[in-house]
Amino acid sequence: MATMQDVERLVEKYSARSDALAGTVSAFREELGTLEKKYFGRLRKLAVARQEAQDAVTAAIAESPELFAKPRSVTMHGTKVGLRKGSGKMTIEDEELVVKLIHRHFPEQAEILIQTIEKPVRAALTQLSVAELKRVAVTVEDTGDVPFVKSVDTEIEKAIKALVKRLPDAVGEQADA
């Protein structure tokens with residue numbers, strides 16, 4: 001059985017190790033801050049330049065979609081570019097009307113397509129065709145081809161995304177990174 005002196009010695013050892021860890025964490029944060037200051041300007045400029053280059057590629061693809069009829073995408077210089085099907089944007093102006101029309105046109109799917117609070121389930125509605133969505137008063141926009149630029153090296157993309165998030169006034173999010 002431990003005595004109070006035994007516990008005190010163990011706590012003293014623990015406290016000393018906590019202080020050592022705190023000192024190392026503090027030194028690490030200080031050095032990290034120095035590194036951030038050292039590389040911040042260059043990182044920001046490179047992130048802005050990369051976004052501008054991506055915007056230029058995206059614009060060129062949008063202006064010449066015929067280049068990506070077949071194949072729809074190609075990989076060049078470690079970057080995949082081309083056209084892909086847009087995910088679309090669903091607009092529901094009158095939820096009550098959509099619910100009524102789902103009950104009328106798709107009664108067997110009503111439990112899946114409508115939340116129990118009588119509200120359309122957007123995720124489930126995406127499974128319907130555009131014609132079916134029109135029958136229940138849902139408008140679908142932006143489902144045409146959309147250009148994309150995506151690095152093949154996903155680890156680099158993750159690192160870039162993490163760095164850009166840390167930059168104040170950061171460049172906009174990289175598409176499909």
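The values are calculated or read from the model by the stated rules, or taken from the named source; none is laboratory data. Nothing here was measured: the structure is a model prediction, and the numbers come from that model. Because the Cβ atoms are built from the backbone with ideal geometry, glycine has one as well, and the counts that use them run over all protein chains shown. Surface accessibility is based on the protein's heavy atoms, side chains included, excluding ligands, DNA and RNA. Shrake-Rupley method; radii C 1.70, N 1.55, O 1.52, S 1.80 Å.
Listing for the model above:
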item	result
Region 1-23, residues that are in a helix (DSSP H, G or I) and open to solvent by less than 90 Å² (accessible area, probe 1.4 Å)	Asp6, Val7, Val11, Ser15, Ala16, Ser18, Ala20, Ala22, Gly23
Top-ranked residue of region 98-142 - restricted to ones that are among the small types (Gly, Ala, Ser) and more than 17 Å from Ser87 (Cα to Cα), ranked as least open to solvent (accessible area, probe 1.4 Å)	Ala110
Single residue of Glu66, Glu31 found to be closer than 16 Å to Pro147 by Cβ and acidic (Asp, Glu)	Glu66
Residue list for region 85-94, restricted to those being over 14 Å from Gln127 (Cα atoms) and loosely packed, with under 15 Cβ neighbours inside 10 Å	Lys85, Gly86, Thr91, Glu93, Asp94
Scope region 46-72; condition under 19 Å from Asp142 (Cβ atoms) and outside any loop (DSSP other than H, G, I, E, B); matching residues	Asp55, Thr58, Ala59, Ile61, Ala62, Glu63, Pro65, Phe68
Which listed residue is out of contact with any Leu (no Cβ under 7 Å at 6 or more places or on another chain) and within 24 Å of Val81 (Cβ to Cβ), from Gln5, Gln51	Gln51
Among (1) assigned to a helix (DSSP H, G or I); (2) exposed (fewer than 11 other Cβ atoms within 10 Å of the Cβ), the one test that Leu43 misses	(2)
Counted residues, region 60-71 - those being open to solvent by 40 Å² or more (accessible area, probe 1.4 Å) and in contact (Cβ under 8 Å) with a residue 24 or more places away in the chain	2
